[in-house]
Amino acid sequence: MGRSAGIGTQRHSIVGSHGMTLAASSTTRPGFNERIRLIVRGVVQGMGFRPFVFRLAHELSLAGWVANTGQGAIIELEGESTNLLRFQARLQTESPRLSKIQSLTATQIPKVGEDTFSIRPSQSDGRRQPVISPDLATCLNCVQDIIDPQSRRYRYPFTTCTQCGPRYSIVLRLPYDRLSTTMDQFPLCADCQYEFDNPRDRRFHAESISCPGCGPQIALWNYEGSILAQREDGIRKACDLVKHGGILAVKGLGGFQLWVNARSSKAVQLLRQRKHRPTKPFAVLFPSLEMLKQHCLISSKETQLLTSSAAPIVLLRRTDPSTLSSNLAPDNPYLGAMLPYTPLHHLMMAHLPTPVVATSGNRSDEPIVSDEQDALERLRGIADAFLVHNRPIARPVDDSVVRVLSGKPVMLRRARGYVPTPLPLKTLSDSNNNLPCILAVGGHVKNTIAVTTQDDVLVSHHIGDLSTAEASMQFERTVSDVLTLFDLTPQAIACDSHPDYRSTRFAHQFGQQRHIPVIPVQHHHAHIASGMAEHGLSGSVLGVAWDGSGYGADGTLWGGEFLICDPSGFQRIGHLRPFPLPGGEICMRDSRRVALALLYEVFSERVFELDFPPMQSLGHHLTRSLVAILNKEIHCPITTSIGRLFDAVSALLGLSQVASFEGEAAMALEFLADREESQTQSQPYCIPLESPSGSQGPWVADWGPLISDIVHDISGQKSPSEIALRFHHALAMLITDVAERIQCHQIILSGGVFQNALLLKLSETALTTRGLAVHTPQLFGPNDGSLSLGQSFITMNQLVQQHPPA
């Protein structure tokens, strides 16, 4: 970070080397005693920031005080002016590793003659910013405490300090103090209070600390909620249940997990049956990095992610052979892996020196359960027992999921460890200091919400699919919680343009109740805008938005789009050739129907002569019935979806006919192609780009020759993996073809299809070798979890254009 300017009466702004804005004065008087006030904005609460300030002030012989505020922290300092300058410089370069100072304003104020420095109670300044830390994985010092028999926190599952433990999942209101968290019901004992008050202790002003004598406790319940065991005995008996093939519901940091022995195929299959999750991969918690390396290949970047304070689930390539159950991730070369990130995890892994499935504690398609009484009801029939604790969870926060794509970590599910870290809206904040507050409510699947706060945008934790009543209620609770916690009053609400999304209906109700405008945002424009917001792009970009489907401006289902976008608008310059979906929404999982529709478009009645896996699976009668509705165009919505094209090719190659979870067919095609990619130079199939005759409309990428060639190769018994690889190359070349015609230097690849590592690598390689700058959403991911960010960014820019700053 940049060094601060001097101190005086006239303030001005400086931009530090990490983009931090500094405001300081233009004059100093070395050798003179002076007093200054520093206003610190950023993520500085729950990070040990105030204890750091306290120690630094004492080291430099400065008097004054520090306090949390709704926007960060306020510091008043009095002392020799040279030391005041040193303090500001070291504040920026030596502040706690996980803190993020966004701006620092220094103002000279009258001296008051103080001779001590103190930490004062938090101040409410009427304005709140997203200043609270995410939940942090257990630090090495606290791990040492729980394994050291001489420590008074030996084997205590709620051990924390200023550098680790719960933050966002326990805070009830801001500023962040113990009385403002769910820990307020656990008064500190004398020993903990001494640590809290001792500047030399690493638990100095650590708001979440406790010990076995004054803090939360563990209990093991049966399915009726009766206590089977408590404390250490409860942990031991819970682990014995897992060892013997049982299913254990574990209340963790941000909600429940379901645990089974990852080496027991019988236990894993039982969990699949009870959770109605036949093939979707399970995440695995490993006792140690060393054991993880026995089962997965892991790069240095993936190691950094796994061992970071965020400690997400990371998708890793599996090794073969492995002693883990084969049905953890059927037909999938990757495994979602994580390491212990709470003291309870570390203690249980000591009892269970073996990997365990640690999947979200919920029913299929429902949000994660966070309350123990609720768990007894919603996880009844799934879990055999419940390991619970009495520290309330203020809001459910699921595990984050990250995959390294093209050498970069890309978020697939953003939650614990990353939320609520805000994103600065650089391109807007530079020109307007009074931006409106926007609430954006995201899409229907992988839902998140976003709110803008002055010059930041805060994207919520993953909420999930809004297809159940429980998910819808959680969505509404999250909206209320975020607005209340940060004391925000939206001036507009943004939503997807699809009229039937649950989030869209909520937006219109909310807007009507609050008398604020509702601004629909086109789905694929939001995908590209999320990348623009993350990477700070303000001009025009070529956006390639490929996904399963999104409501188009013409009322059809888009999903294979080429858009010229700026922060407030877009132009559709190209798309995949439209095709019908026989039966409508059922095609989202039934790949056979999509394959049949494409074959019928290419081969017409000759489709009945083709004996391919989709028709074999459908059967003669259903095939004829579907052809009939295709002929009559009955219940056959039109789409341009690349995601559905993936499904069709996957079905043609016999990989996936009916998917049990979103993306299953496309994943199978990626994994098949990936086997071939390192062994051969593949010639891509052709997807010609055609201009509509006699019109100025968008280009159309014709998949007809592609399907015809694939049918020819299948009939010629070409290798399925080679066909899959040629298909991926064809899509990468299509992107390159459009980019070369447009001559737009900035390109954003977004949408769920770009979670495909092979396609992303091929596309980026082809584009960068031509000198083009390629961006993908990383911090928020390319899937629908980033829609709320894109919606808020577009709406903000539209409102600023309508009401520019004076």
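The values are calculated or read from the model by the stated rules, or taken from the named source; none is laboratory data. Being a predicted model, the structure only gives us computed values, none of them experimental. Glycine also receives a Cβ, built like all others from the backbone with ideal geometry; neighbour counts cover every protein chain displayed. Protein only, heavy atoms only, side chains kept; ligands, DNA and RNA dropped before computing areas. Shrake-Rupley method; radii C 1.70, N 1.55, O 1.52, S 1.80 Å.
Observations on the structure shown:
- Selection status of Pro637, under 22 Å from Ser549 (Cβ atoms), out of contact with any Phe, Trp or Tyr (no Cβ under 9 Å at 6 or more places or on another chain) and at pLDDT 95 or above: yes
- Qualifying residue in segment 204-223 (condition: among the charged types (D, E, K, R), touching a residue at least 12 places away in the same chain (Cβ under 8 Å), part of a loop (DSSP other than H, G, I, E, B) and crowded, with 18+ Cβ neighbours inside 10 Å): yes
- Search result, residues across segment 727-754 that are open to solvent by less than 10 Å² (accessible area, probe 1.4 Å), in contact with a strand residue (DSSP E or B) (Cβ under 6 Å, 6 or more places away or on another chain) and closer than 24 Å to Met667 by Cβ: Leu734, Ile735, Ile748, Leu749, Ser750, Gly751
- Helices (runs of 4 or more DSSP H) wholly inside segment 555-646 that include at least 2 residues being surrounded by 17 or more Cβ atoms within 10 Å (Cβ to Cβ) and in contact with a strand residue (DSSP E or B) (Cβ under 8 Å, 6 or more places away or on another chain): 591-603
- Segment 145-159 residues that are of a type in the set (Asp, Glu), paired with ones that are open to solvent by 60 Å² or more (accessible area, probe 1.4 Å) and modelled with pLDDT of 95 or more (beta carbon under 8 Å, 6 or more apart): Asp145/Tyr154; Asp148/Tyr154
- Considering segment 139-169, and only residues there that are out of contact with any helix residue (DSSP H, G or I) (no Cβ under 8 Å at 6 or more places or on another chain) and in a helix (DSSP H, G or I), the residue that is nearest to Gln230 (Cα to Cα) turns out to be Asp145.
- Wholly within segment 41-114, strands (runs of 3 or more DSSP E) carrying at least 3 residues that are touching a Gly at 6+ places or on another chain (Cβ under 7 Å): 72-80, 100-109
- Residues of segment 38-56 that are among the β-branched types (Val, Ile, Thr) and open to solvent by less than 10 Å² (accessible area, probe 1.4 Å): Val40, Val43, Val44, Val53.
- The single condition among (1) under 26 Å from Asp365 (Cβ atoms); (2) not in a loop (DSSP other than H, G, I, E, B) that Thr279 does not satisfy is (2).
- Put simply, of Glu76, Glu59 the only residue that is open to solvent by 10 Å² or more (accessible area, probe 1.4 Å), in contact with a Lys or Arg (Cβ under 6 Å, 6 or more places away or on another chain) and either acidic (Asp, Glu) or farther than 22 Å from Tyr176 by Cα (or both) is Glu76.
- Qualifying residue in segment 90-98 (condition: at pLDDT below 90, buried (at least 19 other Cβ atoms within 10 Å of the Cβ) and under 25 Å from the mean Cα position of the chain (by Cα)): yes
- Taking segment 420-529 as the region of interest, the strands (runs of 3 or more DSSP E) fully inside it that hold 2 or more residues being over 17 Å from the mean Cα position of the chain (by Cα) and within 20 Å of Leu799 (Cβ to Cβ) are 438-440, 450-453, 492-496, 518-521.
- Hey, Ala730 modelled with pLDDT under 95 and of a type in the set (Gly, Ala, Ser) or not: no
- Among the residues of segment 376-400, those that are of a type in the set (A, V, I, L, M, F, W, C) and either surrounded by fewer than 24 Cβ atoms within 10 Å (Cβ to Cβ) or over 15 Å from Pro420 (Cβ atoms) (or both) comprise Leu376, Leu379, Ile382, Ala383, Ala385, Phe386, Leu387, Val388, Ile393, Ala394.
- One residue stands out among those in segment 273-305 that are more than 25 Å from the chain's Cα centre (by Cα) and touching a residue at least 24 places away in the same chain (Cβ under 8 Å): the one that is surrounded by the most Cβ atoms within 10 Å (Cβ to Cβ), which is His295.
Condition check ((1) at pLDDT below 90; (2) over 27 Å from Leu174 (Cβ atoms); (3) among the β-branched types (Val, Ile, Thr); (4) over 27 Å from the mean Cα position of the chain (by Cα)) across all residues:
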{"residue": "Glu76", "(1), (2), (3), (4)": "no, no, no, yes"}
{"residue": "Leu85", "(1), (2), (3), (4)": "no, yes, no, yes"}
{"residue": "Ser133", "(1), (2), (3), (4)": "yes, no, no, no"}
{"residue": "Val143", "(1), (2), (3), (4)": "no, yes, yes, no"}
{"residue": "Arg155", "(1), (2), (3), (4)": "no, yes, no, yes"}
{"residue": "Gln163", "(1), (2), (3), (4)": "no, no, no, no"}
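- Residue, nearest to Ser151 (Cα to Cα), within segment 224-267, restricted to residues that are in a loop (DSSP other than H, G, I, E, B) and of a type in the set (Ser, Thr, Tyr): Ser226
- Filter result for the condition that a residue is touching a residue at least 24 places away in the same chain (Cβ under 8 Å), under 29 Å from Val459 (Cβ atoms), hydrophobic (A, V, I, L, M, F, W, C) and touching a helix residue (DSSP H, G or I) at 6+ places or on another chain (Cβ under 7 Å), over Leu98, Leu188, Leu136, Leu172: Leu172
- Filter result for Arg403 (at pLDDT 95 or above, of a type in the set (D, E, K, R), open to solvent by 10 Å² or more (accessible area, probe 1.4 Å) and not in a helix (DSSP H, G or I)): yes
- In the condition set (1) aliphatic (A, V, I, L, M); (2) closer than 25 Å to Leu610 by Cα; (3) within 29 Å of the chain's Cα centre (by Cα), Ile710 is compliant with all but (3).
- Sole residue being touching a His at 6+ places or on another chain (Cβ under 9 Å) and assigned to a loop (DSSP other than H, G, I, E, B), chosen from Ala394, Ala383, Ala415, Ala358: Ala415
- Yes/no for Thr769 being farther than 24 Å from Trp558 by Cα and either out of contact with any His (no Cβ under 6 Å at 6 or more places or on another chain) or surrounded by 17 or more Cβ atoms within 10 Å (Cβ to Cβ) (or both): yes
- Screening Thr478 against (1) open to solvent by less than 10 Å² (accessible area, probe 1.4 Å); (2) free of Cβ contacts under 8 Å to residues at least 40 places away in the same chain leaves a single unmet condition, (2).
- Looking only at residues of segment 296-337 that are in a strand (DSSP E or B) and of a type in the set (Gly, Ala, Ser), we find that the one that is farthest from Leu136 (Cα to Cα) is Gly336.
- Any chance Arg35 is among the basic types (Lys, Arg), open to solvent by 20 Å² or more (accessible area, probe 1.4 Å) and at negative phi: no
- For segment 225-270, the set of residues classified as over 19 Å from Pro392 (Cα atoms), open to solvent by 10 Å² or more (accessible area, probe 1.4 Å), under 31 Å from the mean Cα position of the chain (by Cα) and in contact (Cβ under 8 Å) with a residue 40 or more places away in the chain consists of Asn261, Arg263, Ser264, Ser265, Gln269, listed by residue number.
- Apart from one condition, Ala533 fits all of (1) of a type in the set (A, V, I, L, M); (2) more than 24 Å from Val753 (Cβ to Cβ); (3) assigned to a helix (DSSP H, G or I); the exception is (2).
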